[in-house]
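The values are calculated or read from the model by the stated rules, or taken from the named source; none is laboratory data. Computed from a prediction, not measured in an experiment: that's the story for all the values here. Neighbour counts are summed over all protein chains in view; Cβ atoms, including those assigned to glycine, are modelled from backbone coordinates with ideal geometry. To get the accessible areas, we keep the full protein, side chains included, count just its heavy atoms, and leave off ligands, DNA and RNA. Shrake-Rupley method; radii C 1.70, N 1.55, O 1.52, S 1.80 Å.
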Amino acid sequence: MTTNFTLRNDVETQLAMRWVQGLDASLETLPHHVSERLRVARLKALDLQRVQLKQTASHLSINGGVATISGSDEEPNLWSRLASYLPLLVLLAGLIGIQEFQNDSNAHKMANLDQALLLDDLPPDAYTDPGFLKFLSVPSDAGQTQP
Amino acid sequence: MATEQELSDFLTSVEKRAFKRSLYHVRDEEAALDIVQDSMMKLCEHYSNKSATELPMLFQRILSNTTLDWFRRQKTKNALFSNFNEFENEAQGDDFDFLEINTASDSVAQSESAEMVLTQAQNVAEIEEEIKKLPPRQREAFLLRYWEELDVSETAAAMGCSVGSVKTHCSRAVQALYSALKAKGLHP
């Protein structure tokens, strides 16, 4: 019984293998458009894999001033996140420092100019200037209360 | 993890066979191409981190599922499985006996001459036609087991059924093909 069963299986396998050899041969005669379409499908699939790989490797970490790309799937820790914001903070602090320095510098220049004007002799041409005459006609205490 | 080259080589090696397999099932060239493309995309999108040795089994499973999804979308799944027993009854006729074939033609192995191979090549279209006519589960088992050369347990895993079912499907598929080809006057 077992012998018959084995024999039957062998014959079945033998027949099946002969038929599928024919199927293998038919693969070589696929139309060009089918082969081309399969090739394009394969390339699309591989492109998709490339995108997947890029997404998993897009984690940017900065260590000791050197930017590196790591492929780790682990979540970045707090210090790594803070470190990634450090250059931005330095840039902002620098910009604010430059702004303050320029303000001080301008104020200092204006103060020096005013001081020089006030201490200098009044030129005679100043009395032909209507604005200066108007300034002289205003009482000194009223001038102080004006905004 | 499979490299891009390994993945590319693997897809190249299976794409034509996968297309034919799908074509036997859906009998629509465009649909078969779409199924193969979808299967390739799914493999690359979800399983490209697997080792190269795991890819064949995964791809067979994906291809089967994608084909089944296509039938679901076509709302013909019930029709697909409804005629499951038709071929079984025909194939189990009284005039069929493999042992008889074996004893009557012990020369089967010896007769693989060049002429025989040529005859086989000419009969490929008929074989394909008869494979398309097999009940879906028998066809799937036959192609996975003998064409994709999976062993019985791998075929069972790919089809989501028992090892015994695979053996039954394969046996009945071979019987049905033998009867059909013999009825056409071809030398099976």
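Let me know the whole percent of all Cα-Cα pairs from region A:90-141 that are separated by more than 14 Å. Working shown, then result.
Values: 951 of 1326 pairs.
In whole percent, the long-distance tail amounts to 72.
List the accessible area buried at the contact between B and A, summed over both sides and calculated with a 1.4 Å probe, in Å² to the nearest 100.
Details: alone 11230 and 13720 Å², together 20710 Å².
Buried area between the two chains comes out at roughly 4200 Å².
Treating the Cα atoms of region A:1-57 as identical point scatterers in vacuum, please give the log10 of the normalised Debye intensity I(q)/I(0) at q = 0.30 Å⁻¹, two decimals.
-1.04
Could you pull out the pairs from A:LYS54/B:LYS20; B:LYS20/B:LYS182; B:LYS16/B:LYS132; B:LYS16/B:LYS50 whose alpha carbons sit more than 28 Å apart here? Kindly include the intermediate steps, with their values, before the conclusion.
Numbers: A:LYS54/B:LYS20 33 Å; B:LYS20/B:LYS182 23 Å; B:LYS16/B:LYS132 17 Å; B:LYS16/B:LYS50 22 Å.
The answer is A:LYS54/B:LYS20.
Kindly provide the trypsin sites (Lys or Arg not before Pro) of region B:6-44 that DSSP labels as loop, not H, G, I, E or B, and whose Cβ sees at most 16 other Cβ atoms within 10 Å.
Numbers: sites: B:LYS16, B:ARG17, B:LYS20, B:ARG21, B:ARG27, B:LYS42; in loops: B:ARG27.
For trypsin sites (Lys or Arg not before Pro) across region B:6-44 that sit outside H, G, I, E and B with at most 16 neighbouring Cβ atoms in 10 Å, the list reads B:ARG27.
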